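Participant: This is the structure I have questions about; it appears just below.
The values are calculated or read from the model by the stated rules, or taken from the named source; none is laboratory data. Only a predicted model underlies this, so the values are computations on that prediction, with no experimental measurement involved. Using ideal geometry, Cβ is built from the backbone for each residue, glycine included, and neighbour counts are taken over all protein chains shown. Note: areas computed on protein heavy atoms with side chains; ligands, DNA, RNA excluded. Shrake-Rupley method; radii C 1.70, N 1.55, O 1.52, S 1.80 Å.
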Amino acid sequence: MKNAYHKMAGIIFSASLVLVSCTKDEFEVGNEESLTPLTSKINIHSTNMDFKVPSLIKKLPEKSMFHDVPFNLSSIVEPSKCTLTPLDDVVAASVSSNLDSIGLEWYDLYAEMNFLSTITDDSQQYFGADGEDTQKVKNITRSLERFWFMPHEVEVRGQHKNTLEDYDKIVDILSFWYEMPASEANAFAYYFTEFVNTESTFLTETPLIASDGFAIALDGQFGQNDLIVIGDGIVDLLEQTGIRRGVIWNGIMAHEWAHQIQFNNQDKWYPNGAADNAPEATRTTELEADFFTGYYVTHKRGGTQNWRRTQQFLELFFNIGDCSFTSDGHHGTPLQRMEAARRGYLLARNMQRKGMVLNANQVHKRFLNKLDKILGEEPLRVIETTDDEIEDEFKLDVQPDALQ
């Protein structure tokens, strides 16, 4: 049974989390057969209420998805050493605690609707289930704006599992994204709130319903600009691995912010895509975002994290790695992601000792110079932090045009 739940956790987890997805590459409704509601269990006859999974009508532009090239099975990421992480165990335990048949039937649609709802949510934003992290997120946002010279460019939004317990919000989602007539949208909303949510404790309680973390640039589509969305669920799940909540917020927000920097520089940095196949291209941009994050959170003018918190920060990126080498959503193995963040940390240590702040283009060039090492031999989990190591790592790697 334990192995079965591990497998189930992997299926559900991969459907909702690609980061920490980070950029949302694509979203598709699952097979209709597998999502047909269990009407017999709640005494609703399908002949009277035929609730088939609705089809998504509105689409997001491909440009906003950071999906560089089509997936090519003949050219995939070379498998390397990979492993499960503490986060995998946390997710498996969360799923096995209260997964039920109705939750399994409706999970994919619920996760998709909750993802879509954040893109057009213009309500007052809060972070954490009870708003406990709201001020923290505001402070981090201001810090990122200053550090990367991006004032008022990005809006940060929260994702919450209680969205799909709100009748009116469900109607809004189905009416806008699925273009349902008002009568159908209201029928679905009633069905979900009065029957599905009542019968399934999983759908109303699982943090996986609100575990997205992504960056998206819409350039005005749907009346929206650049967005970062972070769900309560991913923060709660990562906290259960032993990582401090402040470290999690700093790490995820800095990572998603790095994707916005990539959007701004995509034509210059990756005019032909980041690689000639989708898994490698995604891995490259994700590891670069990790590298940028390591640089920002360590720098005295950025996140100013001390060594104790930096150790936890590196563990954060170890936890969110994956072993999906043939997937176009492959983000890098746990060890590769931790190593990318470590390299960014070392760069910040060296630069701040010289009183310098590099601009985004300079950090990008340094990442490319270190990419082979990040993907190379297995890095050590025990990280030395002597001045000699830092000096050796970037001995002559200082550009005269570094910002003072």
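Listed here are the residues, each with its yes/no results for (1) in contact with a His (Cβ under 6 Å, 6 or more places away or on another chain); (2) under 20 Å from residue 261 (Cα atoms); (3) at pLDDT 80 or above.
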site	(1), (2), (3)
323	no, no, no
327	no, no, no
332	no, yes, no
336	no, no, yes
343	no, yes, yes
348	yes, yes, yes
358	no, yes, yes
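Participant: Can you confirm whether the range 207-228 contains a residue that is closer than 29 Å to residue 85 by Cβ and open to solvent by 10 Å² or more (accessible area, probe 1.4 Å)?
Facilitator: Yes: one or more hits.
Participant: Which residue, of 179, 155, is surrounded by fewer than 21 Cβ atoms within 10 Å (Cβ to Cβ) and within 29 Å of residue 256 (Cα to Cα)?
Facilitator: That would be 155, the only listed residue that is surrounded by fewer than 21 Cβ atoms within 10 Å (Cβ to Cβ) and within 29 Å of residue 256 (Cα to Cα).
Participant: Considering only residues that are aromatic (Phe, Trp, Tyr) and at pLDDT below 75, which ones fall in the range 282-321?
Facilitator: Correct list: 307, 313, 317, 318.
Participant: If you don't mind, there's one more thing I want to ask. Take residue 132 and decide whether it is in a helix (DSSP H, G or I) and of a type in the set (Asp, Glu).
Facilitator: no
Participant: Take the conditions under 30 Å from residue 226 (Cβ atoms) and either touching a residue at least 24 places away in the same chain (Cβ under 8 Å) or of a type outside the set (Lys, Arg) (or both) and apply them to residue 83. Does it pass?
Facilitator: No, not satisfied.
Participant: Which one of these is modelled with pLDDT of 95 or more, over 17 Å from the mean Cα position of the chain (by Cα) and open to solvent by 10 Å² or more (accessible area, probe 1.4 Å): 134, 141? Steps first, answer last, please.
Facilitator: Values: 141 fails: over 17 Å from the mean Cα position of the chain (by Cα).
Step by step, each of 134, 141 is checked, and only 134 is modelled with pLDDT of 95 or more, over 17 Å from the mean Cα position of the chain (by Cα) and open to solvent by 10 Å² or more (accessible area, probe 1.4 Å).
Participant: Which pairs turn up if I take residues in the range 116-130 that are at pLDDT 95 or above and look for partners that are in a loop (DSSP other than H, G, I, E, B) with beta carbon separation below 6 Å, at least 6 apart in sequence or on another chain?
Facilitator: 127/133
Participant: Please state which of the following conditions residue 304 fails to meet, knowing it meets all the rest: (1) under 18 Å from residue 361 (Cα atoms); (2) open to solvent by 10 Å² or more (accessible area, probe 1.4 Å); (3) out of contact with any helix residue (DSSP H, G or I) (no Cβ under 7 Å at 6 or more places or on another chain).
Facilitator: Every listed condition holds for residue 304 apart from (1).
Participant: For the structure I just gave you, tell me whether residue 106 is over 21 Å from the mean Cα position of the chain (by Cα) and surrounded by 15 or more Cβ atoms within 10 Å (Cβ to Cβ).
Facilitator: yes
Participant: Would it be correct to say that residue 195 is open to solvent by 20 Å² or more (accessible area, probe 1.4 Å), touching a residue at least 60 places away in the same chain (Cβ under 8 Å) and within 21 Å of residue 102 (Cβ to Cβ)?
Facilitator: Yes; evaluated as a whole, the condition is true for this residue.
Participant: From the residues in the range 80-103 that are open to solvent by 50 Å² or more (accessible area, probe 1.4 Å) and part of a helix (DSSP H, G or I), which one is nearest to residue 165 (Cα to Cα)?
Facilitator: Among them, the one singled out is 101.
Participant: Kindly indicate which of 233, 242, 251, 246 is assigned to a helix (DSSP H, G or I), small (Gly, Ala, Ser) and open to solvent by 10 Å² or more (accessible area, probe 1.4 Å).
Facilitator: Going through 233, 242, 251, 246 in turn, just one is assigned to a helix (DSSP H, G or I), small (Gly, Ala, Ser) and open to solvent by 10 Å² or more (accessible area, probe 1.4 Å): 246.
Participant: Same structure, new question: If only one of 77, 69 is modelled with pLDDT under 90, buried (at least 21 other Cβ atoms within 10 Å of the Cβ) and assigned to a loop (DSSP other than H, G, I, E, B), which one is it?
Facilitator: 77
Participant: Here's another thing I want to ask about it. Out of all the residues in the range 193-214, is one or more closer than 25 Å to residue 297 by Cα, part of a strand (DSSP E or B) and within 21 Å of the chain's Cα centre (by Cα)?
Facilitator: Scanning the range 193-214 turns up at least one residue that is closer than 25 Å to residue 297 by Cα, part of a strand (DSSP E or B) and within 21 Å of the chain's Cα centre (by Cα).
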